[in-house]
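So the structure is just underneath, and the comments pick up after that.
The values are calculated or read from the model by the stated rules, or taken from the named source; none is laboratory data. Just so you know, these numbers come straight off a predicted model, no measurement behind them. Quick reminder, even Gly has a Cβ in these numbers, built from the backbone with ideal geometry, and neighbours come from all protein chains shown.
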C-alpha cells in the first residue's frame, strides 16, 4: 500500500473512547474526519454521544459538553417522562375515567382562559386523550391542543405548566432557546415544575 493510501485509510477510520464529566456523564466519543463537534442523546438508553474531529482533546470535548448541560438535562427529563408514561398505561374504571375527564376539562379550560390573554394567543379548542409518551401536544397549524388524561392526577401547578407549554408553541413551534426563554418569562419556576412533572409515572396514577 502506498503511503498516500495509508494516510487516507487512517483519516477515514473512526476512533471511539469514553470520557467522564464529574462522575455524572459517561460520554461516548467518536473521532472522525469532520470539522465540528456534534452531541446527541441516544433515545434507546440515554447515552451521550459526541462526534469530534481528530486532534480534539478530551478537555475541549468536556468543555463543549458542559456548555450544553441545560440542554442535556432537558432532553434527559423528556426521555424519562416518555419512558415512565410508556411503561404502564393505567386501567381506569369507566365511571372513574368519565369523572376524571369532566374535572380535567373544567380545569384545563380555566387555565386556557387565564393564559391566552396574558400570552396574546388563541387556541382552537382541546382534546383530552390517553397518551403514552406525552403530557400534551400542540398542532401549530390548526392551533388545536391535546392533553393527557393523567393530568387530572398531577398537582395543579404541573397541569398549569403543561398548558403554558403547549400555548407557548403557538408563539414558537420548536423547542429552541426562544421557546424556553418564553416559558421562563411566563412561568419563572418552569424549570422546577418540569422536574416535578418528570417525577410522575403512569404507575403512580393508577
Do we have any residue at all in segment 119-133 that's out of contact with any strand residue (DSSP E or B) (no Cβ under 7 Å at 6 or more places or on another chain), surrounded by 14 or more Cβ atoms within 10 Å (Cβ to Cβ) and not in a loop (DSSP other than H, G, I, E, B)?
-> yes
Going through segment 134-150 in order, the residues found to be out of contact with any helix residue (DSSP H, G or I) (no Cβ under 8 Å at 6 or more places or on another chain) and part of a loop (DSSP other than H, G, I, E, B) are 140, 141, 142, 143
When you go through 48, 80, 39 one by one, which is the residue that is at pLDDT below 80, buried (at least 17 other Cβ atoms within 10 Å of the Cβ) and either under 26 Å from residue 179 (Cα atoms) or touching a strand residue (DSSP E or B) at 6+ places or on another chain (Cβ under 6 Å) (or both)?
-> 48
From (1) in contact with a helix residue (DSSP H, G or I) (Cβ under 6 Å, 6 or more places away or on another chain); (2) modelled with pLDDT under 90; (3) more than 17 Å from residue 103 (Cβ to Cβ), pick out the condition that doesn't hold for residue 153.
-> (3)
Pick from 160, 184, 172: which is without any contact (Cβ under 8 Å) to a residue 12 or more places away in the chain, touching a helix residue (DSSP H, G or I) at 6+ places or on another chain (Cβ under 6 Å) and surrounded by 14 or more Cβ atoms within 10 Å (Cβ to Cβ)?
-> 172
